[in-house]
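Provided herewith is a single structure, encoded as structure tokens, for subsequent inquiry.
The values are calculated or read from the model by the stated rules, or taken from the named source; none is laboratory data. These numbers were taken from a predicted model, which means no experiment stands behind them. For neighbour counting, all protein chains shown are included, and Cβ atoms are generated from backbone atoms with ideal geometry for every residue, glycine included.
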Amino acid sequence: MDKLGPLARVINCAALNDRGACDANEAAAAAVNVPAKLLDALDQHIKVHGYEPFLLHLSTDQVYDGARAMAPEWAALGPADAFGRTKLSGEKAVTSRWPRHAILRHSIVFGPPPPSPVDPAKLWLQSVDGQLKAGWLTPTYVRDLVRAVHECFSRQDSLPNRVLNIGGPDRLSLYDMGLALAQVRGYDQALVAPASSRLPRDVSMACGRAQRDLGMQFTPFKIALLHTFKSEGKEP
């Protein structure tokens, strides 16, 4: 950081989101999902440069307890697994140590692949295989998330709230998402089959606070699908 000079803004996107890996080694998950070392580095940044950057921390819908549909930011929290627990601990670390921050809780992120190479298996939308589980989400279109980041930065000194839900307007199960994908792409919807889940939960989120504070509307799921495949040169 010293060689870079003073920082104005920092985005923390780091996360270990492999649920199995998190459950197998929660301490390792916490080492990534709780940004203690980043916060230590930012403390050092203040000592060197005398300036406190604005920190934007990306979190998850998995911090909610799953008992309330379309949960607002103040709804009960109660992660069901190590991933959610460590992400919630990360939120608490940011809140307690870094006043100049905003936390964006997003759902499953979908959209066109990034310009840099990435493992296709890491892109949910591009690797749907019918192994869909029960539960409800408000899937987050990646371009909405990017815009939310931009709007947070443009309003960083006047944000009335520091925790914002960033999701789509549609409350969907993964099965619903698979059906919509099949419809948009012209596949046989019979190819999409639901599967049972050991832990069906409703972590859908209400995003009215973000709409108000950031002055933005979120993209409906089917519209986002059309934009996604058009941008990849794959007309539906």
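Output the number of the condition that LEU38 fails; it satisfies all remaining conditions of (1) in contact (Cβ under 8 Å) with a residue 40 or more places away in the chain; (2) within 24 Å of ALA148 (Cβ to Cβ); (3) not in a loop (DSSP other than H, G, I, E, B).
Condition (1) is where LEU38 drops out.
If you check ALA69, ALA93, ALA82, ALA76, which single one turns out to be among the small types (Gly, Ala, Ser), in contact (Cβ under 8 Å) with a residue 60 or more places away in the chain and surrounded by fewer than 21 Cβ atoms within 10 Å (Cβ to Cβ)? Lay out the reasoning, then the answer.
Details: ALA93 fails: in contact (Cβ under 8 Å) with a residue 60 or more places away in the chain; ALA82 fails: surrounded by fewer than 21 Cβ atoms within 10 Å (Cβ to Cβ); ALA76 fails: in contact (Cβ under 8 Å) with a residue 60 or more places away in the chain.
Within the list ALA69, ALA93, ALA82, ALA76, the selection yields ALA69.
Would you check which residues across region 170-193 are loosely packed, with under 15 Cβ neighbours inside 10 Å and either within 24 Å of the chain's Cα centre (by Cα) or not in a loop (DSSP other than H, G, I, E, B) (or both) and list them? Please lay out each step first, then the result.
Taking region 170-193 first, the residues loosely packed, with under 15 Cβ neighbours inside 10 Å are 183, 185-191, 193.
Correct list: GLN183, ARG185, GLN189, ALA190, LEU191.
Also, I was wondering about something else. Anything in region 1-29 that is of a type in the set (A, V, I, L, M, F, W, C), in contact (Cβ under 8 Å) with a residue 60 or more places away in the chain and not in a loop (DSSP other than H, G, I, E, B)? List them, or say none. Give the steps one after another, and end with the answer.
Here is the first cut: in region 1-29, the ones of a type in the set (A, V, I, L, M, F, W, C) are 1, 4, 7-8, 10-11, 13-16, 21-22, 24, 27-29.
Filter once more, keeping what is in contact (Cβ under 8 Å) with a residue 60 or more places away in the chain: 11, 15-16, 22.
If the condition is that a residue be of a type in the set (A, V, I, L, M, F, W, C), in contact (Cβ under 8 Å) with a residue 60 or more places away in the chain and not in a loop (DSSP other than H, G, I, E, B), then ILE11, CYS22 are the ones that fit.
Filter region 194-227 for residues that are at pLDDT 95 or above, farther than 16 Å from THR138 by Cβ and loosely packed, with under 13 Cβ neighbours inside 10 Å and give the result.
ARG212, GLY215 - these are the residues of region 194-227 that are at pLDDT 95 or above, farther than 16 Å from THR138 by Cβ and loosely packed, with under 13 Cβ neighbours inside 10 Å.
How many residues are under 15 Å from the mean Cα position of the chain (by Cα) and part of a strand (DSSP E or B) if we restrict to region 41-70?
Final tally of qualifying residues: 6.
Would you pick out the residues in region 126-152 that are of a type outside the set (A, V, I, L, M), at pLDDT 90 or above and exposed (fewer than 14 other Cβ atoms within 10 Å of the Cβ)?
Passing the criteria: only HIS150.
Just the residues that are among the hydroxyl-bearing types (Ser, Thr, Tyr) and touching a residue at least 12 places away in the same chain (Cβ under 8 Å), please, taken from region 142-184. Give the derivation first.
First pass over region 142-184, keeping only residues among the hydroxyl-bearing types (Ser, Thr, Tyr): 154, 158, 173, 175.
Passing the criteria: SER173, TYR175.
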